[in-house]
Amino acid sequence: MGSYDVVALGELLIDFTENGISAQGNPLLEANPGGAPCNVLAMLSKLGAKTAFIGKIGKDMFGTQLKAALKEAGIDTTGLKTDGAVHTTLAFVHTLEGGDREFSFCRSPGADMMLSKEDLKEDLIKNCRIFHYGSLSMTDEPCRGATQKAVELAGQANALRSFDPNLREPLWRSLDEAKDQISYGMRHCDILKISDNEIRWFTRCKDFDEGVAVLQKEYHIPLILLSMGKDGSRAYCKGCRAEQPAFLQGHTIETTGAGDTFGACALYYIVSHGWHDYSEAELKEMLIFANAAASIITTRKGALRVMPSKEEVERFINN
């Protein structure tokens, strides 16, 4: 079997996003394919990387829609399982003034939580260059055990391990439990993508450089990528630090998938350039491309099906 550039495990769900008001004055909701790990894979596939997904959907119309969306995006679905008893997970996304979002979930349980150790297609994990995971698959059993087993298998296979905590507070029984599980994710990763609000919550440091220093001291993560929304992004590799401003656009509609797009572009840089200690110039190059792609995605509804091509991102940077 050919090796994969990136294999991701986690949630695949429907994001119901607001798309206008009906004649009766009710909100109209659009069923967008979503879930952070698959957003990451969709962007990587668009850039030409070979990707595969491991997760679980329900045996229902939304599960069918999601599987079709992955195939359309060029993501290998041989690791995607179907649960006959539990429905596909649903998320309702409310966009606030300024483009930020509030989430509510139909997930007690949802099919993504039902992924078990036995469901894992192990050869996908053993034959990838980068294994990517988040924390939503760590909220409950059996998916927590499946995630930990996959993380261990990836380590044994010498794959790079990439982690995005992607904190969604409503899905955890307590934030202490969230902290414990995210701490597990950090202990086992080579690449961490974390957002401004997550690093402040996790480290209790107001200053981002201080927060990153805390993480490096505790977890020895070789590459940390920090997304700061409209304030741009930073990358930290060993003793090196780079920062790039965001590409701000007047016609931003929502930020869904922007962080995933950013993280995917960083992983693509690693796939393309090899894994080593990156210089400041290399980190800057990584961030410029990632920031540009993330900026483009904020002008589109949804994420998974509307990822920009490499040429589109390069054109955007040059303009």
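Where a number appears in this text, it was derived from the coordinates with a stated rule and is not lab data. Please read these numbers as outputs of a predicted model, since none were measured by experiment. Heads up, the Cβs are rebuilt from the backbone with ideal geometry, glycines too, and the neighbour counts pull from every protein chain shown.
Some values worked out for this structure:
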quantity: Which of TYR236, TYR133 has the fewest Cβ neighbours within 10 Å, and the rest in rising order; calculated: TYR236, TYR133
quantity: Rounded to 5, the percent of DSSP beta bridges in the range 92-247 classed as antiparallel; calculated: 55
quantity: ALA68 paired with ALA213, simple spin-label distance in nm, labels 7 Å along Cα-to-beta-carbon; calculated: 5.4
quantity: Approximate spin-label separation ASN318-ARG200, in nm, with each point projected 7 Å along Cα-to-Cβ; calculated: 3.9
quantity: Rg(Cα) / (2.2 N^0.38 Å) computed for the range 212-319, rounded to two decimals; calculated: 1.06
quantity: Normalised per residue, the volume of the convex hull around the Cα set of the range 90-152 (Å³); calculated: 102
quantity: Value of [θ]222 nm, deg cm²/dmol, for the chain, DSSP H segments ≥ 4, -39500 (n - 2.57) each, nearest 500; calculated: -11500 deg cm²/dmol
quantity: Modelled FRET efficiency - R0 30 Å, ASP123 with TRP275, Cβ distances, 0.05 increments; calculated: 0.85
quantity: ASP180-HIS220 pseudo-label distance in nm [points 7 Å out on the Cα-to-Cβ vector]; calculated: 2.5
quantity: Candidates GLU280, GLU102, GLU243: whichever shows maximal mean-square fluctuation once the chain is modelled as a Gaussian network with Cα springs under 10 Å; calculated: GLU102
quantity: Share antiparallel - DSSP beta bridges, the chain, percent rounded to 5; calculated: 45
quantity: Pairs of lysines in the range 164-247 (C-alpha under 24 Å apart; 8 or more residues apart or interchain); calculated: 11
quantity: Those residues of the range 56-89 whose amide nitrogen sits under 13 Å from the label point placed on ARG300, 7 Å along Cα→Cβ; calculated: 73-74
quantity: Three-way shape label, the range 40-103, alpha-carbon gyration tensor, a/c 1.5; calculated: oblate
quantity: Calculated diffusion of the range 1-56, Stokes-Einstein form, Kirkwood radius summed over Cα pairs, 10 °C and 1.306 mPa s, µm²/s; calculated: 121
quantity: Packing-based exposure ordering (other Cβ within 10 Å, fewest first) of LYS46, LYS117, LYS56; calculated: LYS117, LYS46, LYS56
quantity: Chain lengthening between LYS284 and SER3 when straightened (0.36 nm per residue, less Cα-Cα); calculated: 98.3 nm
quantity: Listed residues LEU226, LEU248, LEU267, most fluctuating in the chain (Gaussian network, C-alpha, under 10 Å); calculated: LEU248
quantity: Mean shadow area of the range 134-289 over all directions, Cα convex hull, nm²; calculated: 9.6
quantity: Estimated Rh, the chain: Kirkwood, alpha-carbon pairs, angstrom; calculated: 19.5
